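Chemist: Quick one: structure below, then a few questions.
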Amino acid sequence: MALSPDGTLFVGTRDGDKVYAIKDLNGDHKADKIYTVASGLKSPNGVAFKDGDLYIAEISRISKISNIESKLDNPGATETIYDKYPTEGHHGWKYIAFGPDGKLYVPVGAPCNICEPKEEVFASITRLDVKTKKMEIVQKGIRNSVGMAWHPDNKQLWFTDNGRDWLGDDQPSCELNHATGDNQNFGYPYCHQGDIADPEFGPKHNCSEFIAPAQKLGAHVAPLGLEFYTGKQFPSNYSKQILVAEHGSWNRKVPQGYRIALVDLDKNQQVTSTSIFAEGWLQNGKAWGRPVDIEQMPDGSILVSDDYANVIYRISYQL
């Protein structure tokens, strides 16, 4: 999801081919009109908004629709910005966001569960200058990140990463990572959760060579979107803390995840605790919903997308 300053909510789709725009026309916090602004696309999961333009991430292509809010009824064709990302569909769907530097950050997942990708761009986070069309790799060793955010104070990057499968129900943990600068390596495929060497590739490197996660989130919880809370509606102890959407496990014997986690940071941006912010999508071992992304609204409430129930929730706070 991506929210414009004028209040239009843009929503991508991972398994479909469309991108939507949603308008609340009367201020009751409910959708009054839904527009299809793009269709016929290949897994247009990622959306981002900047300077009046909507950017869309497909598997291998970044495109845009200029001045989108002036033509929601008839946006026309998308304009290709960059189309040299890999075409592999495995972990190919993308979450995109503009960083404090004005450039577009685009993760590229590993094309496998566990492997040494031949192309350097796999298992990375890239940075794209949408004006010059120059792309560069800025972080490495990241299996599959589908969520990122920048700290509101020092603007450093935080991102989620989904741990590998088939090492058991309880390992390795999925990760919340903190990049303190560019060109850091977070271990994939050699080291998982900062301290577990991969059975196949681990002997090639020591875990001490890589950046350990800021927080282990639990095995198979599948963390996706994250958001630093900067609103005023929730109590002050939520300020500048991290909300993480856990999509939930798909192959764990006892399912877990399917919730929103709250990660507390101290003044030095060290994780002090994790807790459950919202849950209930998993009932008696069966899921009826799966959180995907989080978007903060101007009034301080948050939106949570759910690609299993196919809805968007609003969570607000009242005394």
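Chemist: Work out the charge dipole of the chain with +1 on the Cβ of Lys and Arg and -1 on the Cβ of Asp and Glu about the Cα centre, then indicate which of Ala197, Ala309, Phe10 is farthest towards its positive end.
Modeler: Phe10
Chemist: How large, in percent, is the carbon and sulfur part of the accessible surface of the chain at a probe radius of 1.4 Å? Please list the in-between numbers first.
Modeler: Numbers: 6610 of 14490 Å².
It is 46 percent, rounded to a whole number.
Chemist: Once the piece of chain linking Lys71 and Asp264 is laid out straight, how much longer is it, given 0.36 nm per residue of separation minus the C-alpha distance between them?
Modeler: Numbers: separation 193, 0.36 × 193 = 69.48 nm, distance 4.09 nm.
That works out to 65.4 nm of additional length.
Chemist: Under the classification rounded if a/c is under 1.5, otherwise prolate if a/b is larger than b/c and oblate if not, where does the range 252-319 fall, given a ≥ b ≥ c as square roots of the Cα gyration tensor eigenvalues? Working shown, then result.
Modeler: Values: a/c = 2.25, a/b = 1.24, b/c = 1.82.
Here the range 252-319 falls in the oblate category.
Chemist: Next question. So how do 305-315, 25-35 stack up, highest first, on mean other-Cβ count within 10 Å?
Modeler: Numbers: 305-315: 15.5, 25-35: 11.2.
Ranked by mean Cβ neighbours within 10 Å, highest first: 305-315, 25-35.
Chemist: Looking at the chain from every direction and averaging, what is the projected area of its Cα convex hull in nm²?
Modeler: On the way: hull surface 64.5 nm².
Computing the convex hull of the Cα atoms and averaging its projections yields 16.1 nm².
Chemist: Once amide H atoms are placed 1.01 Å from N in the peptide plane, what residues at a sequence separation of 5 or more from Tyr82, or on another chain, have their amide H within under 5 Å of its amide H?
Modeler: Distant-sequence amide H within range of Tyr82: Ile62.
Chemist: Can I ask one more? Take the alpha-carbon positions of the range 180-227, form their convex hull, and give its projected area averaged over all directions (one quarter of the hull surface) in nm².
Modeler: Numbers: hull surface 17.1 nm².
That works out to 4.3 nm².
Chemist: Residue by residue through the range 23-40, which ³J(HN,Hα) values in whole Hz follow from phi under the Karplus form 6.51 cos²θ - 1.76 cosθ + 1.60 (θ = phi - 60°), with glycine and proline marked x?
Modeler: Running phi through 6.51 cos²θ - 1.76 cosθ + 1.60 with θ = phi - 60° gives 10, 9, 8, 10, x, 9, 6, 10, 5, 9, 8, 10, 10, 8, 9, 7, 8, x Hz.
Chemist: If you don't mind, another one. Please list the non-local residues whose amide H lies under 5 Å from the amide H of Asp307, H modeled 1.01 Å from N, same-chain partners needing a gap of 5 or more.
Modeler: Arg290, Val292
Chemist: Round to the nearest 0.05 the FRET efficiency obtained for Val271 and Asp28 when R0 = 30 Å and r is the Cβ-Cβ distance.
Modeler: Values: r = 37 Å, r/R0 = 1.23.
Once the sixth-power term is evaluated, E becomes 0.20.
Chemist: Treating only the Cα positions of the range 169-317 as identical point scatterers, give the base-10 log of I(q)/I(0) from the Debye formula at each q in 0.13, 0.17 Å⁻¹.
Modeler: -0.65, -1.02
Chemist: May I pose another question? In a solvent-free Debye calculation with one equal scatterer on each Cα, what is log10 I(q)/I(0) for the range 21-86 at q = 0.12, 0.19, 0.27, 0.29 Å⁻¹, listed in the order of the q values?
Modeler: -0.33, -0.76, -1.23, -1.32
Chemist: Hey, if you put +1 on the Cβ of every Lys and Arg and -1 on every Asp and Glu Cβ in the range 55-171, which of Val108, Ile68, Phe122 ends up farthest toward the positive end of that dipole?
Modeler: Ile68
Chemist: Over all alpha-carbon pairs in the range 103-212, figure out the percentage whose distance exceeds 17 Å.
Modeler: Values: 3153 of 5995 pairs.
Within the range 103-212, distances greater than 17 Å cover 53 percent of Cα pairs.
Chemist: Of the peptides 218-228, 10-20, how do they stack up when ordered by the mean number of other Cβ atoms within 10 Å, highest first? All intermediate terms of the calculation are to be shown ahead of the outcome.
Modeler: Details: 218-228: 23.9, 10-20: 18.7.
Highest mean packing first, the order is 218-228, 10-20.
Chemist: If r is the Cβ-Cβ distance from Cys115 to His151 and R0 is 35 Å, what FRET efficiency results, to the nearest 0.05?
Modeler: Working from the Cβ atoms, E equals 0.65.
Chemist: Using Cβ-Cβ distances only, list the Cys residues of the chain with no partner cysteine under 4.7 Å, sorted by number.
Modeler: Cys174
Chemist: Setting aside same-chain residues fewer than 8 positions from Lys133, which lysines have a Cα under 19 Å from its Cα?
Modeler: Output for Lys133: Lys50, Lys64, Lys84, Lys94, Lys103.
The values are calculated or read from the model by the stated rules, or taken from the named source; none is laboratory data. Every value quoted in this text rests on a predicted model; they were computed, and no experiment measured them. As a convention, Cβ positions derive from the backbone with ideal geometry for all residues, glycine included, and neighbour counts pool all protein chains shown. Quick note on the areas: whole protein, heavy atoms, side chains included, nothing else; ligands and nucleic acids left out. Shrake-Rupley method; radii C 1.70, N 1.55, O 1.52, S 1.80 Å.
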